[in-house]
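These notes concern the structure reproduced below.
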Amino acid sequence: MTQLNRKTKETNITCSININDNKISNIDTGIGFFDHMLEAFAKHSCIYIDLKCEGDLFVDAHHSIEDCGIVLGQALKKEIFPIQNVERYSNTSIVMDEASVSCSLDLSNRPYLVYDLNVMGNVGEFDTQLVEEFFYALIMNAGLTCHIIQDRGRNKHHIIEASFKAFAVALRRALKKNEILGIPSTKGVL
């Protein structure tokens, strides 16, 4: 289990994660829709997440969501690397009613994000442009290469939730044990 704390003038975050753990996660960011997305991510990735964020929500949700991405990314990096005996690569497509989102993932230790979701606006009071901010912070801090692409859909809630679930399932599959591969790189290190 990896535990991290991050305290700034904008947020105070405590976080613990454990890969391959089916305990029910405990997530409280003060942002209901974001908590819902992180709960879906935790469930479908089989990663236990205990996350508490106290942020400057009187400003807006940006600092809280970005900093949660930073902390979760740093925790994932500590859990994943040095990498060996896992699949490394994965891709999946998740549907939610009319929406479909694909995620391709490489546990590369070289961060890169391709993000293509058409979700501008709001879901309730949640500013949907913060979805990209979250994924960018997480991917850059975790050291992953990730492509999250909307295949189709109109309902922003469905598209965003499908993106979190697609990322979760792709990550779970990339972390699947494969003893034959050893270090999954011809370089001998990632």
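Read the figures in this text as sums done on the coordinates, not as results from a lab. Since this is a predicted model, take the numbers as computed values, not measurements. Heads up, the Cβs are rebuilt from the backbone with ideal geometry, glycines too, and the neighbour counts pull from every protein chain shown.
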Gln3-His147 FRET efficiency (beta carbon distance; Förster radius 35 Å; 0.05 resolution): 0.70
GNM top mover of Val71, Val123, Val131 - the chain, alpha-carbon springs below 10 Å: Val123
3J(HN,Hα) from dihedral phi, the range 38-52, Karplus parametrisation 6.51/-1.76/1.60, rounded to Hz, x for glycine, proline: 5, 5, 5, 4, 4, 4, 7, 8, 6, 10, 6, 10, 10, 10, 10
Derived scalar couplings ³J(HN,Hα) [the range 54-62; Karplus, 6.51 cos²θ - 1.76 cosθ + 1.60; whole Hz; x for Gly, Pro]: 10, x, 7, 5, 5, 7, 4, 8, 4
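Glu132 to Asn26: extension gain in nm, 0.36 nm per residue of separation minus the Cα-Cα distance?
Working: separation 106, 0.36 × 106 = 38.16 nm, distance 2.29 nm.
So the chain would gain 35.9 nm between Glu132 and Asn26.
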Value at 222 nm in deg cm²/dmol, rounded to 500, when DSSP H runs of n ≥ 4 in the chain each add -39,500 (n - 2.57): -11500 deg cm²/dmol
Top of Val114, Val169, Val101 by mean-square fluctuation, Gaussian network on the chain, Cα under 10 Å: Val114
Rounded Å value of the spacing that divides the Cα centres of the range 88-114 and the range 144-189: 4 Å
Loop chymotrypsin sites (Phe, Trp or Tyr not before Pro), the range 1-99 (other Cβ atoms within 10 Å of the site Cβ: 14 or fewer; DSSP): Phe58
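List the longest stretch of the chain that has no exposed loop site; here a site is one of the GluC sites (Glu not before Pro) assigned by DSSP to anything other than H, G, I, E or B, with at most 10 other Cβ within 10 Å.
Details: sites that count: Glu125, Glu179.
The answer is 1-124.
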